[in-house]
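Asker: Right, I'll just put the structure down here and ask away after.
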Protein chains: 4
Amino acid sequence: MAEFVVDDSLKINYHLDGESGPVILILNGIMMSTASWADFVPVYTENNYRVLRVDFRDQGLSDSYPEDYRIDIHVEDIIKLMDQLELEQVIPVGISYGGMVAMLMAIKYPERIKSMVLANTVSRVTPYLKAASQAWQEAADLKDGRKFFKLAMPFIYSDYFYKHNQEFLASREEILADVLDEKWLTRFNRLAESSYDFDIENQLAKIEMPVLLVAGERDILTPLEKMKEIADEIADSRLITINDAGHASCYEKMDEFNTVVLGHLALTAKNN
Amino acid sequence: MAEFVVDDSLKINYHLDGESGPVILILNGIMMSTASWADFVPVYTENNYRVLRVDFRDQGLSDSYPEDYRIDIHVEDIIKLMDQLELEQVIPVGISYGGMVAMLMAIKYPERIKSMVLANTVSRVTPYLKAASQAWQEAADLKDGRKFFKLAMPFIYSDYFYKHNQEFLASREEILADVLDEKWLTRFNRLAESSYDFDIENQLAKIEMPVLLVAGERDILTPLEKMKEIADEIADSRLITINDAGHASCYEKMDEFNTVVLGHLALTAKNN
Amino acid sequence: MAEFVVDDSLKINYHLDGESGPVILILNGIMMSTASWADFVPVYTENNYRVLRVDFRDQGLSDSYPEDYRIDIHVEDIIKLMDQLELEQVIPVGISYGGMVAMLMAIKYPERIKSMVLANTVSRVTPYLKAASQAWQEAADLKDGRKFFKLAMPFIYSDYFYKHNQEFLASREEILADVLDEKWLTRFNRLAESSYDFDIENQLAKIEMPVLLVAGERDILTPLEKMKEIADEIADSRLITINDAGHASCYEKMDEFNTVVLGHLALTAKNN
Amino acid sequence: MAEFVVDDSLKINYHLDGESGPVILILNGIMMSTASWADFVPVYTENNYRVLRVDFRDQGLSDSYPEDYRIDIHVEDIIKLMDQLELEQVIPVGISYGGMVAMLMAIKYPERIKSMVLANTVSRVTPYLKAASQAWQEAADLKDGRKFFKLAMPFIYSDYFYKHNQEFLASREEILADVLDEKWLTRFNRLAESSYDFDIENQLAKIEMPVLLVAGERDILTPLEKMKEIADEIADSRLITINDAGHASCYEKMDEFNTVVLGHLALTAKNN
């Protein structure tokens, strides 16, 4: 664990794992944190990649930022971190909200990105995604982690996952009942607000590096057909669907997720 | 509007519209009531059908029933109503929860049903449907109609509907903020509880009358693949999908819904 | 059976069944004829519709037309027939090639159409549909009905239908081995040629009458997504999918097909 | 290029490329040959894998085998080749017909397989797949490569591919018009016959090594839902769909295909 400072005093938490090799930059979904990736990191370091994880402002172990802000604020934080670590290029792997950050970064700082993976994300916040996010904000306002879990999770995990992982979900509810405390829920609400006007549909064509798009077959928040719209705009994109996965495809189908990411890295990260 | 009495004193609200012709029996979804069908009734009466609408116990203008009960309690109420109205046979059109009631009725009283329509329903409450229902119960416990609307609607209406009907949804929220009062939410919770152990998968094969199954292409609660399982079990069933509709297909795509129901009636209701 | 004459001497075969009521005009798919609808006609006459069936030039019992022609030639033939029969308006039900004729007619003679049904059709012949049609032409050139059947049918009927109707398909092959004689195959080839440059995508928005679009879930020639493109352009359109049906949805799922057509008629044909 | 001999004198053509690393065994689809993989081999050798390609009897540069045989005959040939090359274990990548061979090998010689990839294949030849294969046999009987191409290709490539790759398909037709000569078509017919009674549905549960299943979203011959049936039976399987690809997913979407295969190899091939 390590930190760096932005805006004079705001601390951003990050981890850089692995000895050598191209650097994968994990950009979290809105409910995730660097801790969410503990089981994934060794898969990549064993395959000779370095893994850079970061908590966004208002996320995980990073400081809070009780201001109004828009999602692109994170891009500048990431670039500062890359500069500090003297990383010229990374390979972002962005999930949902993190995928939006990755796309913004690819448009503004294309030279800092070798290739990227965009999973379960959209190029514009749809009315439905906004309605679901607002439902989560209502849920967060209850300041009760367990209630938040019950109200928000059915949007995230697929019906398939609910059928086959009831024990996991029950134990997860127990854990998160504590983790999702008042502070977490307050910070969550600010992150949610920051993305409501996100819309880069008209800028996607500027993205020129190789992009892997990963859809979940049963993702209702950022559905396959929206990811096809991204694929249509980015020239060097490849779209792959993880079957029976919902919006949390990386958790619901971890092996499948790692399969496509490792494959994309093998094709695009090492060929200097 | 009319009432009849069950259990000595519990009043059940019903409407019987139309002069003559076969009787369609509308069985409401859990959040609906006889009032929900105001715009549909003339479509059927003009085509020479009678329309019988009923509010279940704990629904609409029917009395409350503050006991533990299971969903099949409604079947007996319906049969009593049919007896009182001297209706030998009806054609149930059951939506979601109402579809479950229709199937139970078809299994226990097959001679009282000529044919039926089952829309957006399942033969077993799946873990996912139960999770969504429990989310609604959490939402109902807030005793705030507006919050309930915000938390529950994204499960009902499709992303397609959210995209194309934002004004309708906003006005709907205004209306329901008042309608979904504490009494409504309390009654809703009992209705929800009554279906959690619903499972008639093994009895479907007993259903012999013609059945039209209507799925919504984007229904996440009672998805197409679950309706295919019903279709596989009922010998004389026909499955049709309304495109771009979610769980509220009858509202989201009213013309399409009426198209398939009227067609089913033309094929199966009049040939005595 | 009856005939009328166009181009001085070319005889067009037609049937008009039913005593009274709105007139449904059946427009055949390219491999069909008036005889294909024998089992359908009573369903509609019993519901108080008249049914007008026509064999296009080069089809069924109509005369051959050994010239180069384009698909819109049939529109004028239909209008002449309607004039002769003193039918002011009809309700076309067009299948595939017949759906293309219906759309052309709706654009040129909107006042002659009350509403219409377009099943398993496209507004533009796609490269894939052309490739499949050219495969059929190669097959037709063999002048052997049985070989034609073996080579062409897998494009028409779905895998679902093959699984559940092997006996039917075998008996059908026996029958068609004779019917699809050299004359039939020669005429088929001309009909196929007549549609290759069909493209009315830019004219669809002119269609204002109510239109029911019927897709087959497993139709690979005129797939659901192409029918969605039609639905997006025609303002008063309703799109419904028949599950597990291929390109021959009217044959593969006859009850379902009649359900949606009868429903559309009930909603749109009688309200004068 | 190299050969080895089975059945005393029947020569089997193979290629082993790459210096070191785990050995991928490419098992061809029925219309493919070792030559089909020329562009793929460097992708894998550059990632430190060896690639073993083989032409089945009656395929590519291997000898003909003008007897009746069943598909499992190839398994013994492969094992003999592995023995001769002193390869204890390989990672089969089987396409369609080659996927069937891979499954047979996994059931009979599980110790010779480390993990495997099954793309666009089935565990049982369905009536539809058989009908399509029989259509190809009719086409092959014409002994004309160009006609065969026109008649068979629309089953293989998706409508999406036809839309976006018309020039490629036209040039391909020119090339194959010569390659698909009478000898090729005769051998093709025997290979097709050898798989008609293929059915290992009841044996799939015996497969215990990690298996990547690759489906094409628009594959009509070995569709996604059939591959889901395989996924349900093999415990350690992962199912991924390549969007907009048909039955020839490896050709239609080469980058996507290499992405998932390389990812599977990274996860399963190197962890000794």
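Throughout, read-outs are computed from the coordinates displayed, never taken from laboratory work. Just so you know, these numbers come straight off a predicted model, no measurement behind them. When we count neighbours, we look across all protein chains shown, and the Cβ atoms used for this are built from the backbone with ideal geometry, even at glycine.
Asker: For chain C, what does the helix formula give at 222 nm: sum of -39500 (n - 2.57) over DSSP H segments with n ≥ 4, over the residue count, nearest 500 deg cm²/dmol?
Answerer: Details: 11 runs with 116 residues, N = 272.
Value at 222 nm, helices only, nearest 500: -12500 deg cm²/dmol.
Asker: Please give the charge dipole size of the protein assembly as shown, origin at the Cα centre, charges +1 on K and R Cβ atoms and -1 on D and E Cβ atoms. Round to the nearest 20 debye.
Answerer: Numbers: 108 positive and 180 negative charges, 0 e Å.
In total the dipole reaches around 0 debye.
Asker: With both partners inside chain B, how many of the DSSP beta bridges are antiparallel, as a percent to the nearest 5? If you can, show how the numbers build up before the last one.
Answerer: Values: 10 of 33 bridges.
Here the antiparallel bridges make up roughly 30 percent for chain B.
Asker: Taking 8 Å as the Cα distance limit and 6 or more residues as the minimum spacing, I'd like the relative contact order of chain D as a percentage.
Answerer: Details: 507 pairs, mean separation 50.5, N = 272.
Once normalised by length, the contact order is 19 percent.
Asker: Give the residue list of chymotrypsin sites (Phe, Trp or Tyr not before Pro) in segment C:180-272 that are DSSP loop and have at most 16 other beta-carbon atoms within 10 angstrom. Please list the in-between numbers first.
Answerer: Numbers: sites: C:W184, C:F188, C:Y196, C:F198, C:Y251, C:F257; in loops: C:Y196, C:F198.
The qualifying sites are C:Y196.
Asker: Here's something else I'd like to know. Considering the rotational relationship between chains B and D, which residue of chain B contributes the beta-carbon of minimal distance to the axis, and what is that distance to the nearest Å?
Answerer: It is B:E225, 5, counting Cβ atoms only.
Asker: What is the Cα radius of gyration of chain C over 2.2 N^0.38 Å, N being its residue count? Could you put the intermediate results ahead of the total?
Answerer: Numbers: Rg = 17.3 Å, N = 272, 2.2 N^0.38 = 18.5 Å.
Dividing the Cα radius of gyration by 2.2 N^0.38 Å gives 0.94.
Asker: Right, another one. In debye, nearest 20, what is the charge dipole magnitude of segment B:213-272 about its Cα centre with +1 on Lys and Arg Cβ and -1 on Asp and Glu Cβ, if you could check?
Answerer: Working: 6 positive and 11 negative charges, 42 e Å.
It comes to approximately 200 debye.
Asker: Oh, and also: Inter-copy label distances at C:P110, 7 Å along the Cα→beta-carbon direction, one decimal in nm, shortest first?
Answerer: Label point to label point, same position, other copies: 4.5, 5.1, 6.8 nm.
Asker: Residue by residue through segment C:67-72, what is 3J(HN,Hα) from phi via Karplus (6.51 cos²θ - 1.76 cosθ + 1.60, θ = phi - 60°)? Round to whole Hz and write x for glycine and proline.
Answerer: Here the 3J(HN,Hα) series is 10, 6, 8, 10, 4, 6 Hz.
Asker: Additional query: Mean-square fluctuation check for chain C, GNM, Cα pairs under 10 Å: which of C:G216, C:G99, C:G18 is largest?
Answerer: Its mean-square fluctuation being the largest, the pick is C:G18.
Asker: Could you pull out every one of the lysines with an alpha carbon less than 28 Å from that of B:K150, ignoring same-chain neighbours closer than 8 positions?
Answerer: A:K130, A:K143, A:K147, A:K150, A:K163, A:K183, A:K226, B:K130, B:K163, B:K183, B:K226, B:K253
Asker: Ok, one more. Nothing charged except the Cβ atoms of Lys and Arg (+1) and of Asp and Glu (-1): what's the magnitude of the dipole of segment C:74-136 about its Cα centre? Round to the nearest 20 debye. Mind dumping the intermediate values first?
Answerer: Details: 6 positive and 6 negative charges, 74 e Å.
So the dipole magnitude of segment C:74-136 works out to roughly 360 debye.
Asker: Using a label point 7 angstrom from Cα along Cα-to-C-beta, what distances in nm, from shortest up, separate D:Q84 from the other copies?
Answerer: Here D:Q84 shows inter-copy label distances of 6.2, 7.4, 8.7 nm.
Asker: Among the lysines, which have Cα under 23 Å from the Cα of A:K80 when same-chain residues fewer than 8 positions away are ignored?
Answerer: Candidates past the 8-residue exclusion: A:K11, A:K108, A:K114, A:K206.
Asker: Moving to a separate point now. If the label for A:V179 sits 7 angstrom from Cα along the Cα-to-Cβ line, what are its distances to the same label in every other copy, in nm to one decimal, shortest first?
Answerer: 3.9, 5.2, 6.4
Asker: So for D:L213, D:L169, fewest C-beta neighbours within 10 Å to most, what's the order? Walk me through the numbers before you get to the answer.
Answerer: Details: D:L213 26, D:L169 16.
Exposure proxy ranking, most exposed first: D:L169, D:L213.
Asker: I need the per residue convex hull volume for segment B:138-272, using only the alpha carbons, in cubic angstrom as a whole number. It would help to have the intermediate numbers written out before the result.
Answerer: Values: hull volume 18.4 nm³, N = 135.
Measuring per residue, one finds 136 Å³ for the Cα hull of segment B:138-272.
Asker: Still on this structure, I have one more. Does the protein assembly as shown come out rounded, prolate or oblate by the C-alpha gyration tensor, with a ≥ b ≥ c the root eigenvalues, rounded set by a/c under 1.5 and, if not, prolate when a/b is larger than b/c and oblate if not?
Answerer: On the way: a/c = 1.78, a/b = 1.06, b/c = 1.68.
The shape class here is oblate.
Asker: Please state the shape class of segment B:24-173: rounded when a/c is under 1.5, otherwise prolate if a/b exceeds b/c and oblate if not, all from the C-alpha gyration tensor. Could you put the intermediate results ahead of the total?
Answerer: Numbers: a/c = 1.84, a/b = 1.42, b/c = 1.30.
Here segment B:24-173 falls in the prolate category.
Asker: Right, next: Calculate how many DSSP beta bridges within the protein assembly as shown are antiparallel, expressed in % of all such bridges and rounded to the nearest 5. Before the final figure, lay out each step's value.
Answerer: Numbers: 46 of 138 bridges.
DSSP beta bridges in the protein assembly as shown are roughly 35 percent antiparallel.
Asker: Work from the charge dipole of segment A:94-218 (Cβ charges, +1 for Lys and Arg, -1 for Asp and Glu, about the Cα centre) and give the residue of A:Y109, A:A192, A:Y128 farthest towards its positive end.
Answerer: Working it through, the farthest residue towards the positive pole turns out to be A:Y109.
Asker: Have a look at D:L213, D:V179, D:T259 and report the one farthest towards the positive end of the charge dipole of segment D:130-271, computed about the Cα centre with Cβ charges (Lys/Arg +1, Asp/Glu -1).
Answerer: The listed residue farthest towards the positive side: D:V179.
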